[in-house]
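Right, one structure below, let's go through it.
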Amino acid sequence: MYILIITNSMDLTVDSIIHQFSDTVSFFRFNTDKFNDYEIKVTNEDTVISNTISNVSININDCHGVYYRKITLPDLQGFDAKYRNLMYKEMMAIIEGIAENAGKVALTRPSILKKADNKIVQIHVAKEVGFTVPPSLLTNSNNSAREFVASQESSIVKPISVGRINTSQTVNFIQTNIVKDTGYIEGLEFSPAYFQTYVEKDYEVRLTIVYGECFGVKVESSNNVDWRKKDAKVHYSKIKVPEDIEMKCYEMMDKLNIHFAAFDFIVNKQKYIFLELNANGQWQWLEEKLNLGISDKIVEYLTGEDKNEK
């Protein structure tokens with residue numbers, strides 16, 4: 001039986017997984033940015049993906065698990081601009097259709113992933129399970145945003161979705177920032193934003209959960225707003241989160257029907273404050289720094305060898 005990994009050719013996490021486990025596990029890697037290097041045939045009975053470069057094929061009926069990772073589509077600059085959107089949508093329909101149907105288990109089906117990563121859904125589910133959530137506003141109203149920021153001692157703004165800006169030369173990311181002046185709040189009518197009360201923190205916690213097993217990491221950063229910023233000096237260490245927080249994470253994952261999640265918390269005076277959940281979050285750099293064993297758990301789940309269900 002195979003594990004089908006749907007990702008892109010630059011995904012170093014998948015490189016690492018295949019390198020670690022290829023002696024005992026059969027992988028088929030579908031690099032979506034190299035879409036034209038694959039021949040895909042979907043019939044009423046079968047779906048077959050063939051890599052025309054390596055001459056390796058897989059029938060998804062022989063696939064036990066699918067790992068839906070980081071999707072990137074090919075550069076279509078050589079095609080007429082009026083056709084590109086159609087071409088991208090047609091490719092995504094094939095990719096998502098395969099990911100929805102391949103394997104007995106998945107991390108994670110695109111339809112489930114889309115709902116789980118939606119910030120509005122997350123706020124409501126987080127409140128349902130009992131997490132503390134900072135006062136929040138997602139809006140396309142400039143006036144509402146200004147009023148919210150003015151009512152708080154300090155506020156932050158962050159993307160509702162991925163926050164990625166692509167140019168012909170680079171890919172840039174919008175991260176969390178302090179709102180210093182309401183005068184800068186404009187243009188939200190067609191570009192909504194996510195505002196939250198800024199909460200002082202002692203440290204942050206990234207809690208990665210794979211099918212009932214928790215991998216907690218304490219994140220201490222020189223940047224008090226966003227530890228992911230390039231100039232931040234960050235120290236990582238293992239941490240055991242309180243049992244009630246762990247149980248709320250499991251409950252939230254059950255409600256969202258997911259078996260993998262990366263939770264981000266602020267901790268202030270031992271109180272855990274929910275920031276967000278990433279249902280397809282990055283984890284490899286933490287595994288390498290702290291020897292966490294996340295990849296082992298992922299492969300166990302996708303091969304059907306996992307016996308530690310919660």
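Bear in mind that the values in this text are calculations on the coordinates, not laboratory data. Everything numeric here is computed off the predicted structure, so don't read it as measured data. Counting neighbours? That spans all protein chains shown, and the Cβs are built from the backbone with ideal geometry, glycine included.
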Q) Cβ under 12 Å from residue 238's Cβ, residue 238 left aside: what net charge do those residues give with Lys, Arg +1 and Asp, Glu -1? A) +3
Q | Distance between the stretch 146-161 and the stretch 13-51 - C-alpha centres, whole angstrom | A | 43
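Pairs of Cα atoms under 8 Å, at least six residues apart: use those to get the relative contact order of the chain, whole percent. If you can, show how the numbers build up before the last one.
Numbers: 540 pairs, mean separation 51.5, N = 310.
Over the chain, the number comes to 17 percent.
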Q: List every residue whose amide H lies under 5 Å from the amide H of residue 293, counting only residues 5 or more places away in sequence or on a different chain, with H placed 1.01 Å from N in the peptide plane.
A: none
Q: Could you pull out every residue, at least 5 positions away or on a different chain, whose amide H is within less than 5 Å of the one on residue 160? Hs are placed 1.01 Å off N in the peptide plane, and Pro or chain starts have none.
A: 194
(Q) In whole Å, what are the extents of the stretch 2-103 along the principal axes defined by its C-alpha atoms, from largest to smallest? (A) 46, 34, 23
Q.
Helix check for the chain. Which DSSP H runs span at least 27 Å along their own axis by Cα, with a mean Kyte-Doolittle hydropathy no less than -1.0?
A. 81-101
Q: Mind telling me which of 215, 148, 79 comes out most flexible in a GNM of the chain, alpha-carbon contacts under 10 Å?
A: 79
Q: Any aspartates and glutamates with Cα under 14 Å of the residue 255 Cα? List them, leaving off those in the same chain fewer than 8 positions away.
A: 117, 128
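May I ask for the net charge around residue 91, where only other residues with Cβ less than 11 Å from the Cβ of residue 91 are counted and Lys, Arg are +1 while Asp, Glu are -1? Write down the numbers at each step before the final one.
On the way: positive: 84, 89; negative: 33, 90, 96.
Neighbourhood net charge equals -1.
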Q. What full-extension length gain, to one decimal in nm, is calculated for residue 152 and residue 140 as 0.36 nm per residue of separation minus the Cα-Cα distance?
A. 2.5 nm
(Q) Using the basic label-point model (7 angstrom from Cα toward the beta carbon), what is the residue 26 to residue 247 distance in nanometres? (A) 4.4
Q: Quick one: of 180/238; 158/269; 114/269; 89/218, which pairs are farther than 32 Å apart, Cα to Cα?
A: 180/238; 114/269; 89/218
Q: For the chain, list log₁₀ I(q)/I(0) at each q in 0.07, 0.11, 0.12 Å⁻¹, using the Debye formula over Cα point scatterers of equal strength and ignoring solvent, two decimals each.
A: -0.31, -0.78, -0.92
Q.
Along the Cα→Cβ direction, 7 angstrom out, place labels at residue 9 and residue 190. What is the inter-label distance in nm?
A. 3.4
Q. What is the spin-label model distance, in nm, from residue 200 to residue 93 if the labels are put 7 Å beyond Cα along the C-beta direction?
A. 5.5
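Contour minus end-to-end for residue 16 and residue 288, with contour as 0.36 nm per residue of separation and end-to-end as the Cα-Cα distance? The partial results should precede the final answer.
Numbers: separation 272, 0.36 × 272 = 97.92 nm, distance 1.03 nm.
Fully extending the segment from residue 16 to residue 288 adds 96.9 nm.
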Q. Roughly how many debye, to the nearest 20, is the charge dipole of the chain about its Cα centre, given +1 on each Lys and Arg Cβ, -1 on each Asp and Glu Cβ, and no other charges?
A. 600
Q: Could you pull out every residue, at least 5 positions away or on a different chain, whose amide H is within less than 5 Å of the one on residue 132? Hs are placed 1.01 Å off N in the peptide plane, and Pro or chain starts have none.
A: 274
